[in-house]
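Comments concern the structure below.
What follows is calculated from the coordinates using simple rules that are stated; it is not laboratory data. Everything numeric here is computed off the predicted structure, so don't read it as measured data. Here the Cβ positions follow ideal geometry from the backbone for every residue, glycine too, while neighbour counts run over all protein chains shown.
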Amino acid sequence: MKFSGHDSFICKNLWLKKGYDFVQKKGKSFNDELAVVDLGVGKNMVNSINHWLTSFGILDKNGITDIGHYLFNNNEGKDPYLESIGSIWLLHSYLIKTNAASIYNLFFNEFRTNKASFTKQQLTDFILRKLKSIEQTGTNPNTVNADINVLIRSYLNPELRNRKIDIEDEFSSLLIDLQLIDSYQSENALGENVDWYSVEGNLRIDLPWQIVLFAILDNKNYSKSIPFYELLNSYNSPGNVFVLNEDGLYDKIENITKHYRKEIVYTESAGIRELQFKKEIDKWNVLNEYYN
């Protein structure tokens, strides 16, 4: 598991496009001495852009990925400047399932499902226990704490924070428009104010059903018949990834089956709820439908 690489920088709105163009046009490595000049940022930010490109699944060991070209290509890219909320949800899902930045996969698939409200210390303790259970050593608790801070800063609206911040810098976060994390303060037994955070399952009205269907089709663990419970709670399920409650997931399924009446059917029989695929569907065509 990896909890470093961002140099404490959140991913900013235009960094993925900037990094994509650097690799695509320049054909250079982020280790190149002139990378700071080409990207127009400091050395630490160069490392961070590289980290986020990998974490969001735009770049892997073989180079730029299919989703990277699909979104950011200058000629055919569907949303190179990430103007659509659907693109942000899509990238959020890749951040979790790519698992290059381990905290996001752990947080949305495991920790949040058992703790809708939490403190930073509780999340730190969870991760350290996880590392111990898999016998991974050498991860500094300070590194974990820094990663938790970046996760919270990435999703939490700056206006909801209880401290002075660089508003311009924090509002440039790629993920804050998803509104996934809230915060509040509560007094502990010693009379001290403690920062609490919450991530509640919701309807997610701004989450396009096509993005949900793409995530289902892109999950290799799913068969042609998928129980509703698995779609809500299984590893990398739309319920976990998009933080949907039962009503929210059902609403997305209703929209999916309404648009794919012959290909996809939702059934409820003898207490068993299932999503069934009658025909094979190309996941990229589903995305094309959204962007077109």
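Computed values, structure above
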quantity: Hey, LEU82 in a loop (DSSP other than H, G, I, E, B), out of contact with any helix residue (DSSP H, G or I) (no Cβ under 6 Å at 6 or more places or on another chain) and crowded, with 18+ Cβ neighbours inside 10 Å or not; calculated: yes
quantity: Out of ASP182, ASP195, sole residue that is under 22 Å from the mean Cα position of the chain (by Cα), surrounded by fewer than 18 Cβ atoms within 10 Å (Cβ to Cβ) and of a type outside the set (Val, Ile, Thr); calculated: ASP182
quantity: The listed residue being out of contact with any helix residue (DSSP H, G or I) (no Cβ under 9 Å at 6 or more places or on another chain) and among the hydrophobic types (A, V, I, L, M, F, W, C), out of VAL46, VAL41, VAL37, VAL23; calculated: VAL37
quantity: Unique match (being in contact (Cβ under 8 Å) with a residue 24 or more places away in the chain, in contact with an Asp or Glu (Cβ under 6 Å, 6 or more places away or on another chain) and under 30 Å from GLU76 (Cα atoms)) among LYS283, LYS279; calculated: LYS283
quantity: Pick from the stretch 256-292, criterion among the polar types (S, T, N, Q) and either within 28 Å of the chain's Cα centre (by Cα) or loosely packed, with under 11 Cβ neighbours inside 10 Å (or both), ranking: nearest to LYS224 (Cα to Cα); calculated: GLN276
quantity: Long-range neighbours under 6 Å by Cβ, at least six apart or interchain, first residue basic (Lys, Arg) within the stretch 1-22, second outside any helix (DSSP H, G or I); calculated: LYS12/SER172; LYS17/PRO80
